[in-house]
Amino acid sequence: MAEFLWKTIGHHFNFWVYIVLLMLGLWATIAKNNLVKKLMGLSIFQSAIILLYVSIGTKEGATIPILDHHGHIPSESHHADVGPEIAAHGVANPLPHVLMLTAIVVGVATLGVALSLVQAIYRDFGTVEEDELLREIKSLHPDG
Amino acid sequence: MNAKVSATIAVIITGAVLLYGVADFPDFGDPTSPANAGVEGGAPSASLHFINESYKETKVPNLVTSVLADYRGYDTMFETVVIFAAGLAIFVILRNLRSDDPLPEPLPATEDRFIDGDHQRIIVGTTCRIAIPLVQIFALYVVAHGHHSPGGGFQGGVMLGASFILVALGGNLRDALARLGEDTFMRLASLGILIYAAFGLVPQFLGRNFLDYGVLEKIFLTDGPEMARSHSMLGVEVGVALTVMSIMFAIFANLSSRGEMRGGL
Amino acid sequence: MADQFPAILVLAPLFGALLLGLVGDRDHRLCLPVVAASLGTSLYAAVGLLRRVLAEGPVNYFLGGWEEPLGIGIVLRADSMNTPVLVLVAAVALLVACFSRRPAGARDSEKSPQYYTLFLLLCTALFGITITADAFNLFVLVEVSALSSYGLVAIGSSRRCKIAALNYLIMGTVGASFYLLGTGYLYLSVGSLSMPDIQTILASNEAAASSRAVRTAFVLMLVGIWIKMAFFPLYGWLPNAYSYCPSATSSLLAPLMTKVSVYVMVRVMTGVFGLDWIFGHLGWNHLVVWFAVVAILAGSILALAQRELKKMLCYLIVAEVGYMVGGAWLGDAGSWGLTGALYHILADGLMTLTLFLAAGIFAKRLGAIEIGDLSGLFRKMPLVSVGFVVAGLAMIGVPPTCGFFSKFYLIRGGIESGQWGYVVALLVSSLVNAVLFFRIFEIAHFGKNPPEGHAHHGESEGEGHEAAIARVAVPAHALAPLLLAAAGIVLLGVFNGPVVDFLRESLPAASAAAPAP
C-alpha cells in the first residue's frame, strides 16, 4: 500500500499539492458569498498555477540558474565536473521562473483592479455580500 | 446552498481532469523531462540552450534576467504594459476627480490624530525616516545588480514603490503625495514603458528587428553585440522599475484613500 | 519598412497609448488625433501585411533577432488565417474611435485621456494576440486586453457596471488561468512554447502526442478560451458587461473580443495541436458540435426573451459564438466548416459592430434602451436605419450580405460532415433572428404607442409625441462609421469568393478540395 502510494503520489507530490490548492481556490471563487473572499480564492487559484510551473522547472540536486562570473555553472552543484550536456542538469530550468514572474505580476495587477472594483461597489451599494447585492439590484430593476 | 453544490461539482470535475493528466507527468525533479531537456529523440529544449549558450550570447550570468529581458523581452514589455493597464484601470474605476474642496484638508479629525498628527507618530515616523533611504538604496541595488544576482526591475520597482508606501504609512498620504505626486507617477509609468520600447525601437531604425539589442553596439561602443545586449537589459530593467514603482504606489494611494487622493487611512 | 510591419502593427497603438499617458491630460483635444493616427498606422501596416502574405505567403518576424534554434525567442507570424482578422481589428477599432467622441458617462468625462489610453492598449493587445506565434505570449496579451477592457467597462456611469465588470474580471481571470494551466501542461510534455515548434513535436513524436498530459492541456486551453469567448454554459459574464458599459466600449468589445477569442481557438486547433491530432486522437468532436447546437438554440431563445436592445444583441453574440465553435469542430473533409467559422469571424465582427453602433446612437439620441422605444425610427433617422436594416438582414442571412455566405459555408460543412443537428440549429437560429429583427423593423416603421417604459426617454421627452416623429439629427462622426460598417457587410458578402479562397490557403485539409463557388 505504502509502496503503491509512493509510486503514484511520491514522484508527483508537488503536482498533487498544486491540484488541491487549485481546487480550494476555484471553490472559493465560485462558492463564496463575500466578494473579498472570492478574490482570495482567485489568488489561491493563481498561486497554485505558479506552483505547477515552478515544479516543472526543478531538477534534483540543481542550484539556482545563476552562473559564476566566467559563465561557468557553479562548482558546488553535483554535476559540475562532467560534460556540458550533464552539467546543464546542475542548474534549474530558468524558463518557468521567467514565465511565472510574468504570471505573478499579472496576478498582482488583476488583484489590484479587482479590489478597486470591490471598493467602488462598496461605495455605491454599501455591501460586498453577493446575495445582498443581488437583492439590491432586484429592488432597483424589478424586471431584471 | 445551490451555488456551493454547483461549485463543488465544477471543482471536482476540474480536479479529476487535472489528475488525469498528472499520471503521465515526468517525475518531479527529473532533469531529463521534456521541459528541462527536450522530448526524446527531438531537438534539445529551449531551456538547455539558455543554460549552455546564453552567457556566450548575452554576457549575463543570471539566466533568468537574460531570458526575461532579452530572449523573451517582448513578453516582459507587455508584462509591464499589464501593470500600466492595471494602474489606469484603477484610476478610471476609483479616482474621484470632482472633489468639492480641492485644497489640502483642514486639521485631521479627532480619530485621525492618533495616526496623523500626534506625538504617537514620533516613533513610527522616525523609524520610517531611517528605514526609507535604506530601502531605496537596496531597491536600486536590486535593480542594478539583476545581472549577477536574483533581482531586476520588477523586484526593485516593487521595493521602490514600497518605500513610498512606507512614507504614507509612517506619516500620511499627503506627505507621500508631496514627494511623488499623482501627475508624476502616472507620467513615470508611461515613461518606464517608453524607455523599454525605445530600446526595442532604436534597433528598428538601425535595420534590425524590434528588441534586437545586439545592434546597439554602435551606440554603446561596446566590444561586440553581447555587451550591448547586457547593457540594454540594464536599460530596460530601469524602465520596468519606474513603471512598477509608480503603479504600486498608485494602487496603494487609490485604494487607501478611496480614490480621493487625500486623507486616507 | 515593409519588413517591420508585424512589429509596427502592434507598436503603433502602444506608442499612442504611452504618448497619451505622458501628455494626454494636458489637453484632452489631443486624444482623438493620437488615437486615429496610431490606429491608422496599424491599419496601414495590416493592409500592407495582407498584401505581402498574398504575394509571398506566410511572414515570420523574429523578435530580438532570435531566429535559431526555433523556440528560444518569440516569433510573430502573419499568414492567410490571421491577416484578415488583423485588418478587421484595425478597421473596427478605427471606426469605433471616430464614433467615440465623449465616450464616458458625463460624471467621468474628465477621464477621457485614460479612457483612450486603455482603448489603445486594448487594440495593442488584440493585434498582439492575433499575430503572435507563442503560446505564453498569447496569455500575456490576453491579460493586457482583459485588464484594459475591465477599465473600459467599469468607466460607465451606471452603478451596475461595476458589478458587471467585477463578474467579468473573475470569469476572465479564471478563463485566462485555465489557458495558462493548459500551456503549462503542454510545456511540461513537449518542452516548448512556440506554436510551430509544438506542432512539429506533436506530429513527429508519438509518445508525446498520445500522452494524457497533452490531452488535458488541450481541454484546459479550450475551456479557458471558451470562457473568454462566452461559449454557451460559460457566457454568464457577457450580457451585463456589454450592456451596462458606455456605447463606445461595447461597440469595441462586442465585435472584437469574442471574435478574436474564436480566432485564438482556431489557431490553437490548427496551429498548435493540428487538426489531424484533434480529430485523430480525441474523437469527441461530435460532442463539441452538440454543445454548439445547444449554444445556438439557447442564445437565440434567450435573445427572444429580452426587452432591452443591447441585451438582445448580447445574447445573439452568444448564439453566433455557437455558430463559429460548431463550424470549427465539424471536421468535414473539405474543411468547409472551419472556412465558414473563419469567414464568420470577419462577417460577425462587422455585423456586431454595425448593430452596436446603431444601438449606441439610439441610446444617445433617442434615449431608446428598450426595443419598444424605437417606434417611428425609420422616419426619425433614415440613414441610421439603413445601416441597422442592412446589419439586421445580414444577421438573418439575406443575400448578398456576408451573413448569408457565412451561413452557406457553415451549412455546407454541416452537410458534408453529416452533422444534421448543427444544420437544423443554424436554420432555426436564422428564423429566430428573422422574428427578432422584423419585430424591430415593424416597430420602427409603423410605430407603436409609447409603452410604460417612456421614463427612459432622454432628450425627446417633454417635446410631445408629434415632435418625436420629426427627424433627429445624427452627427457625422457617429453616422459615418455606421454606414461604412454597413457597406463593409455588403462588400464582404459580394467579394466572398476571393476572401474565402485566401482564408483557405492556410487550412491544411482544404488545399486539395474544390475551390470556392
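The table below lists the values:
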{"read-out": "Distance violations [Cα-Cα > 29 Å] among B:LYS4/C:LYS259; B:LYS4/C:LYS228; A:LYS32/C:LYS259; C:LYS162/C:LYS259; A:LYS59/B:LYS218", "value": "B:LYS4/C:LYS259; A:LYS32/C:LYS259; A:LYS59/B:LYS218"}
{"read-out": "Cα-only radius of gyration and Dmax that characterise the stretch B:115-265, units Å", "value": "18.5, 63"}
{"read-out": "Cβ-based exposure ranking for C:PHE356, B:PHE210, C:PHE291, in which fewest neighbours within 10 Å come first", "value": "C:PHE291, B:PHE210, C:PHE356"}
{"read-out": "Inter-chain Cβ neighbour average for residues B:203-209, partner chain, 10 Å", "value": "4"}
{"read-out": "Kirkwood Rh and Cα Rg combined as Rg/Rh, the stretch C:333-392", "value": "1.18"}
{"read-out": "In the stretch C:292-517, lysine pairs with alpha-carbon atoms under 18 angstrom apart (chain gap of 8 or more, or interchain)", "value": "4"}
{"read-out": "Cα gyration tensor shape for chain A, rounded if a/c is under 1.5, else prolate or oblate", "value": "oblate"}
{"read-out": "Karplus (6.51, -1.76, 1.60) ³J(HN,Hα), θ = phi - 60°, over the stretch C:192-209, in Hz, Gly and Pro reported as x", "value": "9, 10, 7, 4, x, 5, 4, 5, 4, 5, 5, 6, 9, 10, 5, 4, 5, 5"}
{"read-out": "Selection from B:PRO61, C:GLY349, C:LEU118 lying farthest towards where the dipole of the protein assembly as shown points positive, charges on Cβ", "value": "C:GLY349"}
{"read-out": "Cα gyration tensor shape of the stretch C:292-517, rounded if a/c is under 1.5, else prolate or oblate by comparing a/b with b/c", "value": "prolate"}
{"read-out": "Per-residue HN-Hα couplings for the stretch C:380-395 [Karplus 6.51, -1.76, 1.60; θ = phi - 60°; Hz; x = Gly/Pro]", "value": "6, 9, x, 5, 4, 4, 4, x, 5, 5, 4, 5, x, 5, 5, 4"}
{"read-out": "Under-5 Å amide H pairs with A:ASN34, H placed in peptide plane, nonlocal only", "value": "A:GLU130"}
{"read-out": "Ratio of the Cα radius of gyration of chain C to 2.2 N^0.38 Å, where N counts its residues", "value": "0.94"}
{"read-out": "Overall form of the protein assembly as shown per C-alpha gyration tensor (a/c, 1.5; a/b vs b/c)", "value": "oblate"}
{"read-out": "Distance in nm between pseudo-label sites at B:LEU201 and B:ALA144 (7 Å out along the Cβ direction from Cα)", "value": "2.8"}
{"read-out": "Amide H contacts of C:GLU370 (H built 1.01 Å from N, under 5 Å, at least 5 apart or other chain)", "value": "C:LEU309"}
{"read-out": "Highest to lowest packing among C:245-256, C:18-29, A:100-111, scored as the average C-beta count within 10 Å", "value": "C:245-256, A:100-111, C:18-29"}
{"read-out": "Positive dipole terminus of chain C, leading residue within C:LEU50, C:GLY40, C:LEU181 (C-beta point charges)", "value": "C:GLY40"}
{"read-out": "Percent antiparallel among DSSP beta bridges (both partners in the protein assembly as shown, rounded to 5)", "value": "90"}
{"read-out": "Rounded to 10°, Cα long-axis angle of helix C:309-329 versus longest principal axis of chain C", "value": "20"}
{"read-out": "Residue mean of other protein chain beta carbons inside 10 Å, A:31-44", "value": "2"}
{"read-out": "Spherically averaged projected area of chain B from its Cα convex hull (nm²)", "value": "21.8"}
{"read-out": "Segments B:194-205, B:242-253 sorted - mean Cβ within 10 Å per residue, highest first", "value": "B:242-253, B:194-205"}
{"read-out": "Two-site label geometry, C:LEU30 and B:ILE122: point separation in nm, points 7 Å out along Cα→Cβ", "value": "4.8"}
{"read-out": "Rounded to whole Hz, the Karplus (6.51, -1.76, 1.60) HN-Hα couplings of the stretch C:141-156, x for glycine and proline", "value": "6, 4, 5, 4, 5, 5, 5, 5, 6, 4, x, 5, 6, 6, 6, x"}
{"read-out": "Helix-only CD estimate at 222 nm, as mean residue ellipticity for the protein assembly as shown, using -39500 (n - 2.57) per DSSP H run (n ≥ 4)", "value": "-22500 deg cm²/dmol"}
{"read-out": "Test item: Cα-centred dipole of chain C, Lys/Arg +1 and Asp/Glu -1 on Cβ, debye", "value": "980"}
{"read-out": "For A:HIS69, A:HIS12, order by how many other beta-carbon atoms lie within 10 Å, fewest first", "value": "A:HIS69, A:HIS12"}
{"read-out": "Inter-label distance for B:LYS218 and A:LYS138, nm, one decimal - labels placed 7 Å from Cα along Cα-to-Cβ", "value": "7.0"}
{"read-out": "Inter-chain shielding of B:151-164 (mean C-beta neighbours from other protein chains, 10 Å cut-off)", "value": "1"}
{"read-out": "Total charge dipole magnitude, the protein assembly as shown, about the Cα centre, Cβ charges on Lys, Arg, Asp, Glu only, Debye to nearest 20", "value": "2140"}
{"read-out": "5 angstrom amide H check on A:VAL91, placed H, neighbours 5+ away", "value": "A:THR63"}
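Here, each number is a calculation from the coordinates, and none is a lab measurement. Quick caveat, the model's predicted, so the values are computed rather than measured. Quick reminder, even Gly has a Cβ in these numbers, built from the backbone with ideal geometry, and neighbours come from all protein chains shown.
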